[in-house]
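Input: a single structure, listed below in structure tokens.
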Ligand code: ADP
Ligand code: MG
């Protein structure tokens, strides 16, 4: 693991982002990068694997959301990014934030797939296609088993709140999901804590990840 160099700027326009994305960030009121965004976005956009630790409310969703949108080819109507979240509530929030970030990027289709919701409508939506899928590990695995979701075009895999997913017993599901993703994908791992479990899963699913820790100053 390599450690990130110190951050020199918090200006979004210092990043290699499309003008439409920069304009959208302004309309969202994102005037400058939060510390985790400033530290992680140069790594994410390279693109390199990343393991990032930062407290809740620090803007991690936009960090990986901006990154996966930058890699997206909208004309290629396949699932290119998958974000795994521990709960339906978190997946819904992440899905909404990615839709906001994608507002000025035309025709980006984001699907949220979680348990506790009927399968039929989800299968129908998947038949229409999507660029980005956000979901909980159990339901994503179910769609993979049924053959209603394919990860063969995946470019970016995000584990959000990875420590919580491990605590909830999702390790096997996550491994099963990753077996179906291309090995040359980018893998971004976000966690509030840096446990042995997190280190182990990083070692097994990431390649040469850059590790970033942003301390709270409050
Ligand atoms: P985390 O996942 O780290 O807990 P979130 O991604 O949910 O945090 O972000 C927390 C809040 O900060 C959200 O309301 C989001 O819209 C806002 N936010 C994210 N990035 C910025 C930014 N650069 N400037 C201002 N607000 C931001
Ligand atoms: Mg979050």
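Only Cα pairs under 8 Å and 6+ residues apart enter the sum, and on that basis the relative contact order of the chain stands at 30 percent.
Kindly state, to the nearest 0.05, the FRET efficiency for residue 14 paired with residue 109, given R0 = 25 Å and r defined as their beta-carbon distance. The computed FRET efficiency comes out at 0.25. Mean silhouette area of region 96-135, derived from the convex hull of its C-alpha atoms and averaged over all directions, reads 2.9 nm².
The packing ranking of peptides 147-160, 87-100, highest mean first, is 147-160, 87-100, where packing means the average number of other beta carbon atoms within 10 angstrom of each residue. One chain, two ends: residue 167 and residue 99. Fully extended at 0.36 nm per residue, the span grows by 21.7 nm beyond their Cα-Cα distance.
Multiplying the residue separation of residue 73 and residue 179 by 0.36 nm and removing their Cα-Cα distance gives an extension gain of 35.9 nm.
Largest mean-square fluctuation among 13, 191, 202, in a Gaussian network model of the chain whose springs join Cα atoms under 10 Å apart, belongs to 13. Placing a pseudo-label 7 Å from each Cα along the Cα-to-Cβ vector at residue 45 and residue 146 gives an inter-label distance of 3.9 nm. What is the Cα centroid distance between region 2-67 and region 87-157, reported in whole angstrom? Taking the Cα centre of region 87-157 as reference, the centre of region 2-67 is 23 Å away. Based on the alpha-carbon gyration tensor of region 11-76 and its eigenvalue square roots a ≥ b ≥ c, which shape applies: rounded if a/c is under 1.5, prolate if not and a/b is larger than b/c, or oblate? Oblate, since a/c reaches 1.5 and b/c is not below a/b. Here the convex hull built on the C-alpha positions of the chain has a volume of 118 cubic angstrom per residue.
Each helix, a run of at least 4 DSSP H residues, gives -39500 (n - 2.57); summed and divided by the residues of the chain, these come to -12000 deg cm²/dmol at 222 nm.
Every number here is computed from the coordinates shown, using simple stated rules; none is lab data. For clarity, every value in this text was computed on a predicted model and none was experimentally measured. A quick note on method: Cβ atoms are made from the backbone with ideal geometry, for glycine too, and the neighbour counts reach across all protein chains shown.
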